[in-house]
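Enquirer: Take this structure, written in structure tokens, and hold onto it; I'll ask about it next.
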Amino acid sequence: EMSRGLGDVYKRQGCLDFANKKPLGKEGLFWLKVHCANSAGFDKETPELKAKWVDDNLEMLMHFADNPLEVDAPEPDTAFTLLQGLLDLKGALASQNPEEYLSSTPVAMDATCSGLQHFSALFRDEVGGYYTNVSPSDSRAKQDIYKKVAETAQSLIRECTDDPVVLEFWKKVSISRTMAKRPVMTYVYGSTLISTIDYVVEALLDDEVEPILDDEGKVLYSLRNLAVPCAKALRKAVELAVPKAAAAMHLMKKMVSMNKGNALRWYSPTGLPVVNFSAKDVIRRIPIRSMGVQALVFREYTDEYSYMHSKGGIAPNFVHSLDSAHLHRVLNNFDGDILPIHDSYATHPSDVSKMLKVIKEEFIKMYQKDIFKEFLVRNLNNEQLEEIKELIPQKGNLDLESVKNSTFFFC
């Protein structure tokens with residue numbers, strides 16, 4: 001539900017303007033074009049190619065801007081954002097001096113799966129860092145972890161089922177990037193196999209895939225039956241793409257179990273105290289027998305700590321404390337306006353380059369300390385530390401300074 005909610009927010013982002021306007025300056029027109037390309041769905045290339053794409057497709061884009069009720073947007077999910085950017089771009093191009101044109105459009109730079117970026121930095125994971133664009137790739141192309149996981153999951157289907165009918169189904173219906181996106185995004189936020197199955201079913205429904213029927217039209221394999229091995233393969237594929245993040249999440253859950261009587265506690269990198277507390281719940285049933293309803297059943301939370309519920313929350317709570325700390329650091333050190341929505345930071349077109357510089361610098365600085373070691377020491381005694389020392393992910397060879405040269409870290 002979290003990812004759905006954020007999606008709805010992003011769709012409305014195009015209805016927001018900064019209260020103050022700033023001249024585009026030397027770089028603003030360029031970043032406004034990049035923003036329009038991103039909003040039109042042309043978002044996998046370098047900023048230079050994005051700006052060129054807008055120049056090459058300006059007539060088509062302006063046709064939409066002039067007729068938004070009659071012409072379909074290139075990317076429906078971000079239609080309002082694109083319209084807002086194009087109207088500003090139209091005004092800038094029509095002005096006598098675009099550098100002096102006053103713009104209030106928020107130009108957003110989005111992280112590549114921020115939760116996995118933070119885990120990759122935490123453990124210097126060069127594999128996860130590569131696939132989440134923390135480090136630049138040799139080809140200078142944007143790495144797409146969603147596509148990578150989809151391709152890997154396709155090859156793992158045979159490990160997750162031996163049913164020939166299901167295997168044949170997944171030969172015909174390949175695992176798509178879209179199908180992998182939500183399972184990857186939500187992995188570090190505590191998604192489960194059940195929720196991953198739900199995501200796969202939704203993707204199949206969106207693609208209008210039908211269940212498998214017998215000769216009489218009865219359902220032999222429901223979409224949910226078919227989704228189970230795919231979901232298992234997707235989760236395995238995520239763990240292969242970001243091995244240290246997966247190991248850390250398993251370790252944190254074990255830590256919760258080792259401290260059943262006390263919630264884990266830590267300070268975020270900006271000093272915010274965090275308590276991983278989830279309350280026990282009680283199911284209440286109230287008989288009413290009215291208008292065909294026999295009873296009302298609801299969940300009531302108590303003041304008592306539940307380590308079982310807290311196990312599911314530890315990884316998302318921990319990574320959110322890192323997400324928020326990075327945002328705090330950027331807000332405190334950037335001299336400009338920022339509109340933040342989770343891991344999307346938007347500023348005036350004229351200030352994008354400066355904001356990107358601060359985003360990278362503060363990310364590097366934040367991980368100069370061994371944040372995970374501090375977390376371990378704060379929550380485990382010496383005997384417990386000895387017990388789990390073999391489970392602690394060893395740091396890899398990711399060079400955090402390489403973030404400075406990553407075109408697609410935030411883009």
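The values are calculated or read from the model by the stated rules, or taken from the named source; none is laboratory data. Just so you know, these numbers come straight off a predicted model, no measurement behind them. Counting neighbours? That spans all protein chains shown, and the Cβs are built from the backbone with ideal geometry, glycine included. Accessible surface areas use protein heavy atoms only, side chains included; no ligands, DNA or RNA. Shrake-Rupley method; radii C 1.70, N 1.55, O 1.52, S 1.80 Å.
Enquirer: Distance between Cα centroids, region 170-187 to region 314-341: provide it in whole Å.
Expert: That distance is 28 Å.
Enquirer: Using heavy-atom solvent-accessible surface (probe 1.4 Å) with all chains present, what is the largest-first order of 77, 206? Write out the running numbers ahead of the final one.
Expert: On the way: 77 85, 206 125 Å².
So the residues, ranked largest to smallest area, are 206, 77.
Enquirer: Follow-up. I'd like the FRET efficiency for residue 302 and residue 192, computed as 1/(1 + (r/R0)^6) with the beta carbon distance as r and R0 of 22 Å, rounded to 0.05. Could you put the intermediate results ahead of the total?
Expert: Details: r = 23 Å, r/R0 = 1.06.
Approximately 0.40, to the nearest 0.05.
Enquirer: Using the Kyte-Doolittle scale, which helices in the chain average at least -1.0 and also have C-alpha atoms spread 30 Å or more along the helix axis, with helices defined as whole DSSP H runs? Walk me through the numbers on the way to the answer.
Expert: Values: long enough: 307-333 (39 Å, -0.32).
Qualifying helices, which must be both long enough and hydrophobic enough, are 307-333.
Enquirer: For residue 22, list the aspartates and glutamates whose Cα falls under 20 Å from its own Cα; do not include residues on the same chain fewer than 8 positions away.
Expert: By straight Cα distance, residue 22 reaches 88, 99, 100, 335, 337, 351.
Enquirer: Okay, next question. To the nearest 10 Å², what's residue 182's accessible area with a 1.4 Å probe?
Expert: For residue 182, solvent-accessible area is about 50 Å².
Enquirer: Next question, about the same structure. Let me cross-check residue 90: its accessible surface, 1.4 Å probe, with only protein heavy atoms counted, in Å² to the nearest 10?
Expert: We get 90 Å² for residue 90.
Enquirer: On a 1.4 Å probe surface of the protein chains, which of 192, 46, 105 comes out largest in accessible area, and what is the full order? Write down the numbers at each step before the final one.
Expert: Details: 192 70, 46 30, 105 5 Å².
Of 192, 46, 105, the descending order of accessible area is 192, 46, 105.
Enquirer: Quick one: grab the alpha carbon gyration tensor of region 54-185, order the square roots of its eigenvalues as a ≥ b ≥ c, and give me rounded if a/c is under 1.5, else prolate or oblate depending on whether a/b is larger than b/c. Let's see the in-between values first.
Expert: Details: a/c = 3.39, a/b = 1.74, b/c = 1.95.
Verdict is oblate for region 54-185.
Enquirer: Another question, then. Take the alpha carbon gyration tensor of region 193-316, find the square roots of its eigenvalues, order them as a ≥ b ≥ c, and report rounded if a/c is under 1.5; if not, report prolate when a/b exceeds b/c, else oblate.
Expert: Working: a/c = 3.07, a/b = 1.24, b/c = 2.47.
Verdict is oblate for region 193-316.
Enquirer: How high is the relative contact order of region 294-411? Use alpha-carbon pairs under 8 Å, at least six apart in sequence, and give a whole percent. List each step's numbers first, then the result.
Expert: Numbers: 40 pairs, mean separation 22.3, N = 118.
Relative CO of region 294-411 lands at 19 percent.
Enquirer: With charges only on Cβ, +1 for K and R and -1 for D and E, what is the dipole size of region 246-396 about its Cα centre, in debye, rounded to 20? If you can, show how the numbers build up before the last one.
Expert: On the way: 20 positive and 17 negative charges, 90 e Å.
Roughly 440 debye for region 246-396.
Enquirer: I've got another one for you. Pairs 172/244; 171/244; 50/354; 254/373; 253/365: which exceed 24 Å Cα-Cα? Please list the in-between numbers first.
Expert: On the way: 172/244 33 Å; 171/244 30 Å; 50/354 19 Å; 254/373 16 Å; 253/365 27 Å.
Result: 172/244; 171/244; 253/365 exceed 24 Å.
Enquirer: What size of dipole, in debye to the nearest 20, comes out for the chain about its Cα centre when the only charges are +1 on Lys and Arg C-beta atoms and -1 on Asp and Glu C-beta atoms? Don't skip to the answer; put the middle values down first.
Expert: Values: 49 positive and 57 negative charges, 285 e Å.
Roughly 1360 debye, rounded to the nearest 20.
Enquirer: Ok, one more. What number, in percent, do you get for the relative contact order of the chain if the mean sequence gap of Cα pairs under 8 Å and at least 6 apart is divided by its residue count? All intermediate terms of the calculation are to be shown ahead of the outcome.
Expert: Working: 613 pairs, mean separation 95.5, N = 411.
Normalised by residue count, the contact order of the chain is 23 percent.
Enquirer: Counting helices only, and only those DSSP H runs with n ≥ 4, report the 222 nm mean residue ellipticity of the chain as the sum of -39,500 (n - 2.57) divided by its residues, in deg cm²/dmol to the nearest 500. Could the numbers behind the result be given before it?
Expert: Details: 17 runs with 219 residues, N = 411.
That calculation yields -17000 deg cm²/dmol at 222 nm.
Enquirer: In debye, nearest 20, what is the charge dipole magnitude of region 30-113 about its Cα centre with +1 on Lys and Arg Cβ and -1 on Asp and Glu Cβ, if you could check? Let's see the in-between values first.
Expert: On the way: 5 positive and 15 negative charges, 28 e Å.
Dipole magnitude for region 30-113 comes out near 140 debye.
Enquirer: Dipole of the chain (Lys/Arg Cβ +1, Asp/Glu Cβ -1, origin at the Cα centre): which of 101, 377, 62 lies farthest to the positive side?
Expert: 377
Enquirer: Now for a different question. Using a 1.4 angstrom probe on heavy atoms only, work out the carbon and sulfur share of the accessible area of the chain in %. Let's see the in-between values first.
Expert: Values: 10600 of 20890 Å².
It is 51 percent, rounded to a whole number.
Enquirer: Related question: Relative contact order for region 85-155: what is it in percent, counting Cα pairs under 8 Å that are at least 6 residues apart?
Expert: Numbers: 41 pairs, mean separation 11.9, N = 71.
The normalised contact order for region 85-155 reaches 17 percent.
Enquirer: Under a 1.4 Å probe, what is the accessible area of the chain per residue, stated in Å²? Let's see the in-between values first.
Expert: On the way: 20890 Å² over 411 residues.
Counting only protein heavy atoms, the per-residue value for the chain is 51 Å².
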